[in-house]
Amino acid sequence: MAGAIIENMSTKKLCIVGGILLVFQVVAFLVGGLIAPSPTTAVPYTSVKCIDVRKNHHKTKWLMPWGPNHCEKLKDFDEAVSRQIEANDIVFAVHIPLPTKEMSPWFQFMLFIMQLDIAFKMDNNLKENAEITLDVSLAYRDDMFDDWQEIAHAIEIRKLKCTFGSPKTLESEGRHYDCDFLPFMEIGSVAHKYYLINIRLPVNEKKGINVGIGEIKDIRLVGIHQNGGFTKVWFAMKTFLTPSILIIMVWYWRRITLMTRAPVLLEKVIFALGISMTFINIPVEWFSIGFDWTWMLLFGDIRQGIFYAMLLSFWIIFCGEHMMDQNERNRLSGYWKQVGPIAVGSFCLFIFDMCERGVQLKNPFYSIWTTEVGTELAMAFIIVAGICLCLYFLFLCFMVFQVFRNISGKQSSLPAMSKARRLHYEGLIFRFKFLMLITLACAAMTVIFFIVSQVTEGHWKWGDMTIQVNSAFFTGIYGMWNLYVFALMFLYAPSHKNYGEDQSNGDLGVNSGEELQLTTTITHVDGPTEVYKLARKEAQE
């Protein structure tokens, strides 16, 4: 009777904890959906055509599109022809941000894409697979009257992919091609108030540079940066969640060290998962408000990669420790076939990211998508990653199904037990199933997050209320990962309670007063717990 009362209390506590975590999960979604603005903002810029006829001008002067020291402007290229101004003397200037505005470190990053307005002309046709060469420079200043300081200068090549929907006749002259957007620039911090971009299209007919690219009328840029309001909400969440996970980690590891045995594999993996979650949570981004840390985007990718690898590895080990034979359990080497591909995939992702954002630390205009080899490699990587993600999810579902089937099969031994002990084991099995379902739900939400993050952000209108969908997913999924790790360490911390029952050894050979814990992988000094014997898959089956 005492065991039944204790088990009922334990189940009640589990329901209470689950309810509290669910409330926090809903709050995490609502914070992003109702409080935070959309994660990013896109701002269109149209370049101003400036005249600069001095030799080596790109090394000595910056041309401003507007302001007290603005450049001499061209209305269009017909004016340049009438004034006999060569293409090499024309500079496309873009000031960031627009007039009367300032950039802010809260914007975190800047991403720019380029669109070219190319007109059809019979005597200046756009060749197939044409390439455009850009001589680009980026500068900054923090006061409208300071001199511009150069950040980067590069000569980049972009391949034009354009279509023309009308017949190429004299009647169609002046109509514009439909051209794809081109990757232009990405910078991992917004530490200054004003930025200036100067773009030149050098022409060299002998070398075939910028020949056969059609008649370029305008260069347009679209700048994307993180919203300052979303950044503040994101930083606040990180600042709140960091001590929460740290406290539960200390409590969890202390419970383990008080045991007379050594930590088992699942306990170590859960603790490692907590470390990787803490690594993501630590709000080092606060320093980016005061320092020009352009490597923050790359650092963020590395942190997420470590957590994803640890999360995927945990799911495999968690299911495997409920399925594997006793001889194979509690050893990481027993999972090399499943964990090995995760490690290889994570390493490939790291190399890929270094080839993109690593190079952009020195040259923000670089993009792996600008070459055929780079584009094919990137597309192949994304396709393979998507296929692997789907296969992994299916494999995880299969493993969870196997665990449920094994536990259900072992439940046939429960009727032979006394009522108190049967209730105890039924409670443990219920908690195993509950946590497996939560794991499956988290995996599904991770896949949904991956898909939604690839789709254009939007919002829902609900009466007078606007719900930012993307912001809700960002904060909700981030909160879910934290709550999941918190729940794991809370539920799987070893128990130091002894349930003394006046039992014989007839209940499947379990001695009374043995230590009971919420995991199938806890090993006593004398061997595995009886719950593991109930749940494990025997090798001979």
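The values are calculated or read from the model by the stated rules, or taken from the named source; none is laboratory data. Bear in mind that the values here come from a model prediction, so they are computed numbers and not experimental data. FYI the Cβ positions are ideal-geometry reconstructions off the backbone, even for glycines, and counts take in every protein chain you see. With ligands, DNA and RNA removed, areas are computed over all heavy atoms of the protein, side chains included. Shrake-Rupley method; radii C 1.70, N 1.55, O 1.52, S 1.80 Å.
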Of all residues in region 57-66, which are open to solvent by less than 30 Å² (accessible area, probe 1.4 Å) and not in a helix (DSSP H, G or I)? Leu63, Met64, Pro65
Inspect region 205-222 for any residue being farther than 27 Å from Asp78 by Cβ and surrounded by 21 or more Cβ atoms within 10 Å (Cβ to Cβ) and give the result as yes or no. no
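Each row is one residue, and each column tells you yes or no for (1) at pLDDT 90 or above; (2) in contact with a Phe, Trp or Tyr (Cβ under 7 Å, 6 or more places away or on another chain).
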| residue | (1), (2) |
| --- | --- |
| His225 | yes, yes |
| Val233 | yes, no |
| Leu246 | yes, no |
| Val250 | yes, no |
| Pro263 | no, no |
| Ser276 | yes, yes |
Scan region 182-202 and tell me whether some residue there is open to solvent by 40 Å² or more (accessible area, probe 1.4 Å) and among the β-branched types (Val, Ile, Thr). no
Scanning region 223-245 residue by residue, the ones that are part of a strand (DSSP E or B) and open to solvent by 30 Å² or more (accessible area, probe 1.4 Å) total 2
Any idea which of (1) open to solvent by 60 Å² or more (accessible area, probe 1.4 Å); (2) touching a residue at least 60 places away in the same chain (Cβ under 8 Å); (3) part of a helix (DSSP H, G or I) is the one Leu377 doesn't satisfy? (2)
Looking at region 282-294, is at least one residue in contact with a Leu (Cβ under 8 Å, 6 or more places away or on another chain), closer than 17 Å to Trp106 by Cα and not assigned by the TED database to the domain that holds Ala191? yes
Among the residues of region 170-199, how many are touching a residue at least 24 places away in the same chain (Cβ under 8 Å) and part of a loop (DSSP other than H, G, I, E, B)? 11
